[in-house]
Amino acid sequence: MSLLDVMEEYSKDFDASKDSISSNAMLPAGVYAVRLTKVKADSDNFGNDEVAITLQVVSGDHKDKLEFLNLVFKSNDTEKELPKFVVEKNVKTVLKLATMCGLTLKKGDMKSEETLAKALQAGSGMQFKMILKLGKNKKNPDYPFRNYEFEELDNTPIDISDDEFPF
């Protein structure tokens, strides 16, 4: 792809006279076919260990956009624990993603964020449906809460006759 192609692709909906360079490029609420592209153990801005998951939209208007899930299971701050509902949601998210990727997690996979990330990385390339819903964030309204559900993609074969092919 040439520089001209890149400039045309990324500037088509951008008005340089009034649009922000750092406009929010996050996916809007919706249903997306996605692929698991990357899983790694990392740490968040507060130093908490996390499992960082990257999903890539594989079709539609948002094709190739990325969605990042950063799942924390325990706080490194002994005086401030994570809310139980956050930990529960993150555990269920991991279990659901593993199921969508055809993986069965073993106890050894859950010893640390590193072992969990390695186990989930085995599902790289698997595709499934992501249902993204946004919730109000009173503390930071520009960044709504992102709530996920995952389901299997509908793999029903399409019956197309030879007459319907363009070639």
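Each value in this text was obtained by applying a stated rule to the coordinates, not by laboratory testing. Note that the coordinates shown come from a computational prediction; the quantities given were computed from them, not determined experimentally. Because the Cβ atoms are built from the backbone with ideal geometry, glycine has one as well, and the counts that use them run over all protein chains shown.
Counting 0.36 nm for each residue step from Lys106 to Ser2 and taking away their Cα separation leaves a gain of 32.8 nm.
Among the listed options (i) 1.66; (ii) 2.37; (iii) 1.25, the one matching Cα Rg over 2.2 N^0.38 Å as calculated from these coordinates is (iii). Highest average first, the peptides 28-36, 135-143, 73-81 ordered by how many other beta carbon atoms sit within 10 Å of their residues are 28-36, 73-81, 135-143.
Residues considered: Asp42, Asp154, Asp109. Largest GNM mean-square fluctuation over the chain, using C-alpha springs under 10 Å, is found at Asp154.
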